[in-house]
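What follows is a single structure, written as C-alpha cells, with notes after it.
The values are calculated or read from the model by the stated rules, or taken from the named source; none is laboratory data. The structure presented is a predicted model; accordingly, all values stated were derived computationally and were not measured. Because the Cβ atoms are built from the backbone with ideal geometry, glycine has one as well, and the counts that use them run over all protein chains shown.
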Number of protein chains: 2
Amino acid sequence: MFEFEVKAENNLARAGIFHTPHGDLNTPVFAPVGTQATVKGVTPAQLKEIGATLLLSNTYHLYLRPGDKLISNMGGLHSFMQWPNPILTDSGGYQVFSLSKTRKIDDEGVTFKSHIDGSTHRFNPEISIQIQENLGADIIMAFDECADPNNIEYIQTAMQRTHAWAERSLKAHSRTDQALFGIIQGGVDLKLRVESTRFIASMPFSGIAIGGLSVGETKQEMYNVLETINSHLPVNKPRYLMGVGTPEDLINGIANGIDIFDCVLPTRLARHHSAFSRGGRINMMNAGFATDQNPLDTECDCYTCRTFTRAYLRHLIVAKELLAGTLLSIHNLFALTKLVKEIRKMIIAGNFDENIPNLLDIWGHNARRLNS
Amino acid sequence: MFEFEVKAENNLARAGIFHTPHGDLNTPVFAPVGTQATVKGVTPAQLKEIGATLLLSNTYHLYLRPGDKLISNMGGLHSFMQWPNPILTDSGGYQVFSLSKTRKIDDEGVTFKSHIDGSTHRFNPEISIQIQENLGADIIMAFDECADPNNIEYIQTAMQRTHAWAERSLKAHSRTDQALFGIIQGGVDLKLRVESTRFIASMPFSGIAIGGLSVGETKQEMYNVLETINSHLPVNKPRYLMGVGTPEDLINGIANGIDIFDCVLPTRLARHHSAFSRGGRINMMNAGFATDQNPLDTECDCYTCRTFTRAYLRHLIVAKELLAGTLLSIHNLFALTKLVKEIRKMIIAGNFDENIPNLLDIWGHNARRLNS
C-alpha cells in the first residue's frame, strides 16, 4: 500500500510516486499546512484548484482542540476537514517544545501545559501514535525530540531519546493503512546526523523524516546536513524534510534528494502581506503598488494573479480586509506547488541539475526583481 | 438601457427584469454588500457560485480609501474588484451620518470627519454624484439625509433637504450608462412618507430607493410605510429598500412591492457565528453542535452545507479560524439569494401570496426549529 517508486533521478534529485490509501502522491511534493484541520483562510475547493495534493495537520493542536477522539468519531481527519487526498500528521513533539511554556522531558515522555488553557497533558511515543491513529492521516510520524541546535550535549541526548522513541513508536503503531515515518535528529552536527540516519534507516519505517532543521541554523548548515546524510538514506523510501518551505529551500532540498516538504510560510507570509514572486519575495503593502495594474506575478496563473491587480491587493491589505490573506495565500501556495511540479518535470526530463542556478536566480529571497 | 420590465405580479409583489450595462438583473434581487470593494472573506468566484448577481459597494468608504479617482484610473469599480455583473453604490449619505463622529449639516451639504484618520471632508449632491460617476457602478443613488426616526421635526427637515438634494443630484448626473435612483425619506410618519414618495416619483429617476428604514423602528412600522407608499410608486421603475436583509424582511418587503434589497447582515452575522437556517437563526458556536454530523441546514445546497458538518464549522469557530467566517458567509449569502430566487418563481407561478405564511414559518427569526 505504501510502495514508493523512484521514476527518475537527476544527480541526487528524485521524481517518484508514493502510493497511499487516499491516492498516489507525485514527488517531490509540497504540503500546505492545515494546523487546526484548515489551511488558514483557504477552502478545500480552493486548495484543489491550487493543485495541492498532500496536506499536513498538527497532532498537538488537534489533540487539544477539538480532540482526536472527536475527530475519530466524526470519521477521521479526511472526513472532518473534507480533504479526500493524502494527509500527513506530525507527532506533536515539535509543538510541545516550541509552543508549551513549561514542559518536563524524561526518557518516558513529556509533560506539558496547553498553550490554550494552561491545562497539563502528557505525550509519549505510545500516546502520540494513538492520537495519530485516531486522526487517521495517511502518513504519520514517530514521536521525537527536537533540541536547540546550539547545544551539542542536549542534541546528543535528544537524538538518543528520539531513537528509543522511534522503536517504541514502531511497536505502538497498529494501523496498516498508515505509513509511519521515523525521524532523524542530530542538529547540525554531521557526525550525529550520520549516526541518526543509519539508526533510523535500519528500522522498518515506511519513510524517513529529517527533523530539527530550519530551527535557527544557517541555510548552508542545513544543506550540509542534507548532502552528508544522503548516501546513508535508503533509496526506496520517501524522504521528508520537516517544516521547510522557502522556494530556494525547496530547490536546494530537492537537489539534495528530498521528496516531501511542508511549511506554514506561504500562508503565514500571506497574512503578513508578503508574496513569493519570480524576482523574489515582495511586500504587497508597498505604496508603489497603489496604482499598479499588473498582477502580483506576471507569469503566474493562480486565481489571484489571473484575476486581480497589485493595486487591488494592496487596497485590500491597507483596508485590513480578510480577502487579502486568502488571495495571497492562494498565490503563495500555488507558487510553491507549481515550482515543485515544474522541478519534477525537469527531473524526469533530466535537466533539473543544469536549471538550478536559473531557478535560484528567479525564486531566491535575494533574486533580482524580474517583473517590477 | 435601464428599462425595467414587470414580468409577473402577485398582489403587490412583482417579478421583473432590470436591464443594466453589465447584464440583466432578475428581480426581486438581494445584493451582498462589498463595503470596501470586497464582500468580506468571499472571493468573486465564490460569489458567482453563490448565485449573486448585484453587489453593493459603499461610496463613503471607497472615497476615503483607496479613493474614487484611483478606482476610476484603474478602470472603474467593476474592473478594480473584478465583478463583471451589476454593481450598486449608495450616496455616502447614510455613512456620513452613522460613521463620522462629528458632522455639520447645512442646506448645501455635509462636512464630516473620516472615521479612519479624523481628516475633514465635505459631501454634497454634486460631490456624491461625481464620486459615484468615478466609481462607475450601474446603479447609483441621489445624495440624501437620513434622520433619527424618533425626531419628527428633524425628519421633516431632513426630508425637505433630501428633496432639494434629489433635484441637485439629477442635475449633476452626466453618465448615461448609470441608473440614478431617487431616495424617499420621511421616517415612519406615513403622511411624510407619502409626500416624499410623490415628490421623488414625480422626478425622472431610473428607480426609487426607500431610505431611512431598518434604523431603529419596529418591523411593523417599516411594513406599514411600505404598504402605505405602494400605491404612490410608479409601476415601471424598480424599487429598492436600502439596508434591509433578514429573511422575514425580504419576504415581507417583496410582498409589499420591493424589487431590490441589500444588507451587511448575512456576512456580519457569519463573522459572529450566526447562520440563517430553515427553522430560524442559529448560533454555530453552540456546544450542542460539537459532534453534530449534519450540515448547517439539511435542505441547503450551498458549498458549505454540501461539504462540511456542523461539528467542523463549530470547531473552526472555537479555534478562531478565518475559514469559519468565509464558510458561514457563503451559506448566509446563498440562503438569501436562493430564497429570493424561489420567491421570484412563486410570483411567476402566481402562488407567492399563499406561500407567505409558510415562508415566514420556515425562515422567521422566531421560526420553530425544523432541522435541529
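I want to confirm something. Restricting to the stretch A:80-102 and keeping residues that are surrounded by fewer than 17 Cβ atoms within 10 Å (Cβ to Cβ) and away from chain B (no Cβ under 12 Å), which single residue is nearest to A:R161 (Cα to Cα)?
Among residues in the stretch A:80-102 that are surrounded by fewer than 17 Cβ atoms within 10 Å (Cβ to Cβ) and away from chain B (no Cβ under 12 Å), the one nearest to A:R161 (Cα to Cα) is A:S98.
Tell me, please, whether a residue that is within 13 Å of the chain's Cα centre (by Cα), within 22 Å of B:M159 (Cα to Cα) and outside the structural domain of B:K338 (by TED's automatic domain parsing) can be found in the stretch B:221-237.
Applying the first criterion (within 13 Å of the chain's Cα centre (by Cα)) to the stretch B:221-237 yields none.
Checked against the condition, which is being within 13 Å of the chain's Cα centre (by Cα), within 22 Å of B:M159 (Cα to Cα) and outside the structural domain of B:K338 (by TED's automatic domain parsing), the stretch B:221-237 yields no hits at all.
crowded, with 23+ Cβ neighbours inside 10 Å and either on the phi > 0 side of the Ramachandran plot or within 14 Å of another protein chain (Cβ to nearest Cβ) (or both): does that describe B:G23? Lay out the reasoning, then the answer.
Details: crowded, with 23+ Cβ neighbours inside 10 Å: no; either on the phi > 0 side of the Ramachandran plot or within 14 Å of another protein chain (Cβ to nearest Cβ) (or both): yes.
Considered against the rule, which asks whether it is crowded, with 23+ Cβ neighbours inside 10 Å and either on the phi > 0 side of the Ramachandran plot or within 14 Å of another protein chain (Cβ to nearest Cβ) (or both), B:G23 comes out as no.
Strands (runs of 3 or more DSSP E) wholly in the stretch A:1-105 with at least 3 residues that are under 20 Å from A:R271 (Cα atoms) and at pLDDT 95 or above - which ones?
Working: elements: A:4-10, A:13-20, A:23-27, A:29-32, A:55-57, A:87-89, A:103-105.
Result: A:29-32, A:55-57.
All but one of (1) modelled with pLDDT under 95; (2) of a type in the set (V, I, T); (3) not in a loop (DSSP other than H, G, I, E, B) hold for B:T228, so report the exception by its number.
(1) is the only condition that B:T228 fails.
Residues B:D68, B:D117, B:D106: which one is of a type in the set (D, E, K, R), in contact (Cβ under 8 Å) with a residue 60 or more places away in the chain and assigned by TED's automatic domain parsing to the domain that holds B:T162?
On the way: B:D117 fails: in contact (Cβ under 8 Å) with a residue 60 or more places away in the chain; B:D106 fails: in contact (Cβ under 8 Å) with a residue 60 or more places away in the chain.
After ruling out the rest, the residue left standing is B:D68.
Looking at B:W363 and the list (1) modelled with pLDDT of 95 or more; (2) buried (at least 21 other Cβ atoms within 10 Å of the Cβ), which single condition is not satisfied?
With respect to (1) modelled with pLDDT of 95 or more; (2) buried (at least 21 other Cβ atoms within 10 Å of the Cβ), B:W363 is out only on (1).
So, of the residues in the stretch B:193-209 that are in contact with a strand residue (DSSP E or B) (Cβ under 7 Å, 6 or more places away or on another chain) and polar (S, T, N, Q), which turns out to be nearest to B:A158 (Cα to Cα)?
B:S196
Just need a number here: residues in the stretch B:315-330 that are over 18 Å from A:L323 (Cβ atoms) and at the interface with chain A (Cβ under 7 Å from one of its Cβ atoms).
3
Of all residues in the stretch B:43-79 being of a type in the set (S, T, N, Q) and surrounded by fewer than 20 Cβ atoms within 10 Å (Cβ to Cβ), which is nearest to the other protein chains (Cβ to nearest Cβ)?
Pass one, the stretch B:43-79, residues of a type in the set (S, T, N, Q): B:43, B:46, B:53, B:57-59, B:72-73, B:79.
The next check asks that each one be surrounded by fewer than 20 Cβ atoms within 10 Å (Cβ to Cβ); those that pass are B:72-73, B:79.
On the way: B:S72: 11, B:N73: 6, B:S79: 8 Å.
Applying the filter and picking the extreme gives B:N73.
Kindly provide the set of residues from the stretch A:26-42 that are in contact with a helix residue (DSSP H, G or I) (Cβ under 7 Å, 6 or more places away or on another chain) and either within 11 Å of chain B (Cβ to nearest Cβ) or among the hydroxyl-bearing types (S, T, Y) (or both), ordered by number.
A:G34, A:T35, A:Q36, A:A37, A:T38, A:V39, A:K40, A:G41, A:V42, listed by residue number.
Filter the stretch A:1-43 down to the residues that are within 15 Å of the chain's Cα centre (by Cα), over 15 Å from A:K345 (Cα atoms) and β-branched (V, I, T) and list them by number.
A:V33, A:T35, A:T38, A:V39
Please work out which residue is nearest to B:K341 (Cα to Cα), limiting yourself to the stretch B:287-306 and to residues that are surrounded by fewer than 17 Cβ atoms within 10 Å (Cβ to Cβ) and within 14 Å of chain A (Cβ to nearest Cβ).
To start, the set of residues in the stretch B:287-306 that are surrounded by fewer than 17 Cβ atoms within 10 Å (Cβ to Cβ) comprises B:287-288, B:290-291, B:293-294, B:298-299, B:301, B:306.
This time we only want the ones that are within 14 Å of chain A (Cβ to nearest Cβ), so: B:287-288, B:290-291, B:293-294, B:306.
Working: B:A287: 33, B:G288: 32, B:A290: 32, B:T291: 33, B:Q293: 28, B:N294: 25, B:R306: 19 Å.
Among residues in the stretch B:287-306 that are surrounded by fewer than 17 Cβ atoms within 10 Å (Cβ to Cβ) and within 14 Å of chain A (Cβ to nearest Cβ), the one nearest to B:K341 (Cα to Cα) is B:R306.
Considering the stretch A:6-16 alone, what residues qualify as being surrounded by fewer than 18 Cβ atoms within 10 Å (Cβ to Cβ) and more than 10 Å from A:P238 (Cβ to Cβ)? Steps first, please.
Going residue by residue through the stretch A:6-16, those that are surrounded by fewer than 18 Cβ atoms within 10 Å (Cβ to Cβ) are A:6-9, A:11-12.
Scanning the stretch A:6-16 gives A:K7, A:A8, A:E9, A:N11, A:L12.
Residues of the stretch A:214-252 being within 21 Å of A:L54 (Cα to Cα) and without any contact (Cβ under 8 Å) to a residue 12 or more places away in the chain, which ones?
Of everything in the stretch A:214-252, nothing turns out to be within 21 Å of A:L54 (Cα to Cα) and without any contact (Cβ under 8 Å) to a residue 12 or more places away in the chain.
Yes or no: A:R198 assigned to a helix (DSSP H, G or I) and either in contact (Cβ under 8 Å) with a residue 60 or more places away in the chain or surrounded by 17 or more Cβ atoms within 10 Å (Cβ to Cβ) (or both)?
Working: assigned to a helix (DSSP H, G or I): yes; either in contact (Cβ under 8 Å) with a residue 60 or more places away in the chain or surrounded by 17 or more Cβ atoms within 10 Å (Cβ to Cβ) (or both): no.
No; evaluated as a whole, the condition is false for this residue.
Would you check if B:K171 is in a strand (DSSP E or B) and either assigned by TED's automatic domain parsing to the domain that holds B:E195 or of a type in the set (D, E) (or both)?
Details: in a strand (DSSP E or B): no; either assigned by TED's automatic domain parsing to the domain that holds B:E195 or of a type in the set (D, E) (or both): yes.
So B:K171 fails the test.
Can A:T309 be described as within 14 Å of chain B (Cβ to nearest Cβ) and closer than 20 Å to A:K48 by Cα?
Working: within 14 Å of chain B (Cβ to nearest Cβ): yes; closer than 20 Å to A:K48 by Cα: no.
Spelling it out, it is not the case that A:T309 is within 14 Å of chain B (Cβ to nearest Cβ) and closer than 20 Å to A:K48 by Cα.
Could you list all residues from the stretch B:250-270 that are surrounded by fewer than 22 Cβ atoms within 10 Å (Cβ to Cβ) and in contact with a Lys or Arg (Cβ under 7 Å, 6 or more places away or on another chain)?
B:G257
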